[in-house]
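Visitor: Shown below is the structure under consideration.
The values are calculated or read from the model by the stated rules, or taken from the named source; none is laboratory data. This is a predicted model, so every value here is computed, not measured. Every residue, glycine as well, gets a Cβ built from its backbone with ideal geometry; the counts of neighbours run over all protein chains shown.
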Amino acid sequence: MTTAETTSQVQQWTNLAQQLRVDSIRCTTAAGSGHPTSSMSAADLMSVLMLSHLHYDYDDPKNPNNDHLIFSKGHASPLLYSMFKAGGAIEDEELLTLRKFGSRLAGHPTPELPWVDVATGSLGQGLPIGVGIAAVGKYLDKLPYKVWVLLGDSESAEGSNYEAFHLAEHYKLNNLVAILDCNRLGQRGETELGWNTEAYAARARGFGWNAIIIDGHNYDEIDKAYREAAQTTDRPTFIIAKTIKGKGVSFLEDKEGWHGKALSAEQAEQAIDELKPAARSMVYPVQKPAAGTLAPEPPKKALELPRYDLNSSEATRKAYGDALVALGAANPKVVAMDGEVSNSTYANEFAKAYPERYFEQYIAEQQMVAFAVGTQVRGKIPFASTFAAFLSRAYDFIRMAAVSQANIRLSGSHAGVSIGEDGPSQMALEDLAMMRAVFGSTVLYPSDANQTAQLVAAMANHGGISYIRTTREKTPVIYGPDETFSIGGSKVVRQSAKDQATVVAAGITLHEALQAYDQLKSEGINIRVIDAYSVKPIDDETLLAAAEEAGGKIITVEDHWPEGGLGEAVLEAFSQADAPMPQVVKLAVQSMPSSGKPAELLEAAGISAHDIAQAVRTLVK
């Protein structure tokens, strides 16, 4: 490149960076809130990326060859939206609707905008999700796209980033580039490391990454760092860019107290005068992606689910693994991941059958959920599994996946006191409540192997966040292999015209309820037993009918704390119905369990067949 060409390129980078800064100020001032100074520090980084290294077609955001750009520091959304304007994706009029009711430009990015892959703003999520997107590109799609992730220095304290560091190196994701906007100042003052860029680099190198330290306002250094990242073929790259918060405006540069504060109209005018933008609304050319071809996939096949004989016994966690293998055979888009317990969740069956579509996450549950979110960005159908109790570590990622409108499937095994001797640290007793509270979620709790297989298949074709709770112990197979189960349904497994009460159960407690049914029938007490395998959405029609036909008395029984689980799902169904509220008794785990045999623990928790029968006797008499 000649000196004249270099000068011209630097001028173009400068012009775009100043436009991005000006627009970040303008839109936040119009909104009266937002993060202009956090956007201004990274403007030079994004200018060079957008003009010289990003390959993206804003007219075709679903182009599989597009690079992916994730703003993990989602509060810098004014900068991202200003880039969309500079790329011709949105108009200035829309830019100035930032943070206004009804605008697509929310305070933090969401996929309501077609150029945004995932919602960010809960810090520490962009890099782990980027790992999933990059892994699909390298190992499944086999396309040359890059994944660029802009991080803030404050969010480097989030442990999820270090889960991402280790997994990205493990999978040698040379198509992943993390850019740290090291501007020294966080929300309440200086960050932990300030401008100690060497410390950030040492951490990255310790995880096996290629680390590059640059001046984040030196265009030549930025450009060289991006080129080095592109040429690094054996590992991911971490670019640590020393920047100045509020760069370009004298009364904002490196000043505390400006985080998350918009400028007044007078201050904005003064700042824009200092920035001296060459233009306000230039549209800049962005390189289109190369025409790569997706790796060929095997053809889809008819689904052949596993079949289990009536009156045999099998653990629902084993049926989950068997069904996952069947889905993998039928649909090449199905992928699986697990948090190093796959020999217990039985995801290892999928790993053995389709190792190229299985991604071990090790004991990193946040990264596991983020990886699943990343794979669905690329059109895959992810299933992620671990012990149900450990999904609580990743709850913020699950919550944000709903904001991202993501389609992911989660399996939690070893739920409740029925796991036995492992004790309370391994017993999920909060998971139903946790997953029910996620926006638009589906929560399933099967009681036998054939039902599990059918529900796993239903999850594959279902949108949103779906969760299946599986049981450690083998349970009797009570449904035939040709029985069907729909999301939102239930099964009335025992009933008569003389029912005096209804027991609503799911999973392990359904089998306790069936034993209680036999005890009570021998005493001349008839009860209805409902298998509420779909905890959310729950089958309110069947519940309402049972209340009307079986004496207006209902007992719910669950291997879960009383808060937020099956019992409260049943109560919610009645609270929203135009019908009399029945008398409801909730049986649930009321005290902290210990180790013991499953039967002992169910009895101690007050959710055994004996306890159900006694609750019915008390209620009907």
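Visitor: I need a count of the residues in segment 273-308 that are at pLDDT 90 or above, farther than 30 Å from PRO64 by Cα and not charged (D, E, K, R).
Guide: Counting residues in segment 273-308 that are at pLDDT 90 or above, farther than 30 Å from PRO64 by Cα and not charged (D, E, K, R) gives 4.
Visitor: Quick one: LEU173 ticks every box in (1) of a type outside the set (Ser, Thr, Tyr); (2) at pLDDT 95 or above; (3) surrounded by fewer than 23 Cβ atoms within 10 Å (Cβ to Cβ); (4) in a loop (DSSP other than H, G, I, E, B) except a single one, so which number is it?
Guide: Failing condition for LEU173: (3).
Visitor: Quick one: which helices (runs of 4 or more DSSP H) lie wholly within segment 188-307 and hold at least 2 residues that are touching a residue at least 60 places away in the same chain (Cβ under 8 Å) and of a type in the set (A, V, I, L, M, F, W, C)?
Guide: Values: elements: 197-206, 219-231, 265-275.
In segment 188-307, 219-231, 265-275 are the helices (runs of 4 or more DSSP H) which contain 2 or more residues that are touching a residue at least 60 places away in the same chain (Cβ under 8 Å) and of a type in the set (A, V, I, L, M, F, W, C).
Visitor: Among LEU98, LEU113, which is in a loop (DSSP other than H, G, I, E, B), in the same structural domain as LEU180 (by TED's automatic domain parsing) and touching a Cys at 6+ places or on another chain (Cβ under 8 Å)? Quick ask: steps written out before the conclusion?
Guide: On the way: LEU113 fails: touching a Cys at 6+ places or on another chain (Cβ under 8 Å).
Matching residue, one of LEU98, LEU113: LEU98.
Visitor: Starting from residues that are touching a Pro at 6+ places or on another chain (Cβ under 7 Å) and of a type in the set (Phe, Trp, Tyr), keep the ones in segment 25-76 and report whichever is nearest to GLY379 (Cα to Cα).
Guide: TYR56
Visitor: Follow-up. Condition check: of a type outside the set (Ser, Thr, Tyr), modelled with pLDDT of 95 or more and farther than 14 Å from ARG436 by Cβ. Does ILE554 satisfy that? Don't jump to the end; show me each part of the working.
Guide: Working: of a type outside the set (Ser, Thr, Tyr): yes; modelled with pLDDT of 95 or more: yes; farther than 14 Å from ARG436 by Cβ: yes.
The answer is yes for ILE554.
Visitor: Another question, then. Filtering segment 499-522 down to residues that are aliphatic (A, V, I, L, M) and assigned to a helix (DSSP H, G or I), which residue is farthest from the chain's Cα centre (by Cα)?
Guide: LEU520
Visitor: MET581 passes all but one of (1) loosely packed, with under 15 Cβ neighbours inside 10 Å; (2) in contact with a strand residue (DSSP E or B) (Cβ under 6 Å, 6 or more places away or on another chain); which number fails?
Guide: Looking at each condition in turn, MET581 falls short on (2).
Visitor: If you take the residues in segment 322-340 that are in contact with a Gly (Cβ under 9 Å, 6 or more places away or on another chain) and buried (at least 21 other Cβ atoms within 10 Å of the Cβ), which one is farthest from SER72 (Cα to Cα)? Before the answer, list the steps.
Guide: Initially, segment 322-340 is screened for residues in contact with a Gly (Cβ under 9 Å, 6 or more places away or on another chain), giving 333-337.
Remaining after also requiring buried (at least 21 other Cβ atoms within 10 Å of the Cβ): 334-337.
On the way: VAL334: 27, VAL335: 24, ALA336: 24, MET337: 23 Å.
So, considering only residues that are in contact with a Gly (Cβ under 9 Å, 6 or more places away or on another chain) and buried (at least 21 other Cβ atoms within 10 Å of the Cβ), the one farthest from SER72 (Cα to Cα) is VAL334.
Visitor: Let me ask another. Assess whether MET1 counts as being at pLDDT below 95 and either part of a loop (DSSP other than H, G, I, E, B) or surrounded by 24 or more Cβ atoms within 10 Å (Cβ to Cβ) (or both). Explain how you work it out, then say what you get.
Guide: Working: at pLDDT below 95: yes; either part of a loop (DSSP other than H, G, I, E, B) or surrounded by 24 or more Cβ atoms within 10 Å (Cβ to Cβ) (or both): yes.
Yes: the conditions hold for MET1.
Visitor: Out of ILE525, ILE555, I need the residue that is touching a residue at least 40 places away in the same chain (Cβ under 8 Å), of a type in the set (A, V, I, L, M, F, W, C), within 22 Å of ALA609 (Cα to Cα) and not in a loop (DSSP other than H, G, I, E, B). Which one? Walk me through how you get there before you give the answer.
Guide: Numbers: ILE525 fails: not in a loop (DSSP other than H, G, I, E, B).
The unique qualifying residue is ILE555.
Visitor: Restricted to segment 60-96, and to residues that are free of Cβ contacts under 8 Å to residues at least 24 places away in the same chain and more than 26 Å from the chain's Cα centre (by Cα), which residue is surrounded by the most Cβ atoms within 10 Å (Cβ to Cβ)?
Guide: Initially, segment 60-96 is screened for residues free of Cβ contacts under 8 Å to residues at least 24 places away in the same chain, giving 60, 90-91, 93-94.
Filter once more, keeping what is more than 26 Å from the chain's Cα centre (by Cα): 90-91, 93-94.
Details: ILE90: 20, GLU91: 11, GLU93: 8, GLU94: 16.
Ranking the candidates gives ILE90 first.
Visitor: Would you pick out the residues in segment 582-621 that are among the small types (Gly, Ala, Ser) and either assigned by TED's automatic domain parsing to the domain that holds MET427 or free of Cβ contacts under 8 Å to residues at least 12 places away in the same chain (or both)?
Guide: So the first thing to find is which residues in segment 582-621 are among the small types (Gly, Ala, Ser), and the list is 588, 591, 594-596, 599, 604-606, 608-609, 613, 615.
Result: ALA599, single match.
Visitor: Continuing with the same structure: Please go through segment 589-617 and pick out each residue that is touching a strand residue (DSSP E or B) at 6+ places or on another chain (Cβ under 8 Å) and either part of a helix (DSSP H, G or I) or more than 21 Å from ARG528 (Cα to Cα) (or both). Quick ask: steps written out before the conclusion?
Guide: Pass one, segment 589-617, residues touching a strand residue (DSSP E or B) at 6+ places or on another chain (Cβ under 8 Å): 606-607, 611-612, 615-616.
ASP611, ILE612, ALA615, VAL616 - these are the residues of segment 589-617 that are touching a strand residue (DSSP E or B) at 6+ places or on another chain (Cβ under 8 Å) and either part of a helix (DSSP H, G or I) or more than 21 Å from ARG528 (Cα to Cα) (or both).
Visitor: For segment 233-256: of the residues being of a type in the set (Gly, Ala, Ser) and out of contact with any strand residue (DSSP E or B) (no Cβ under 9 Å at 6 or more places or on another chain), which is surrounded by the most Cβ atoms within 10 Å (Cβ to Cβ)? Before the answer, list the steps.
Guide: Restricting attention to segment 233-256, the residues satisfying the condition of being of a type in the set (Gly, Ala, Ser) are 241, 246, 248, 250.
Still in the running and out of contact with any strand residue (DSSP E or B) (no Cβ under 9 Å at 6 or more places or on another chain): 248, 250.
Values: GLY248: 23, SER250: 10.
Checking each candidate, the answer is GLY248.
Visitor: Could you identify the single residue in ASN311, ASN343 that is assigned to a helix (DSSP H, G or I) and surrounded by fewer than 20 Cβ atoms within 10 Å (Cβ to Cβ)? Even if it seems obvious, please write down each step before you answer.
Guide: Details: ASN311 fails: assigned to a helix (DSSP H, G or I).
Result of the check over ASN311, ASN343: ASN343.
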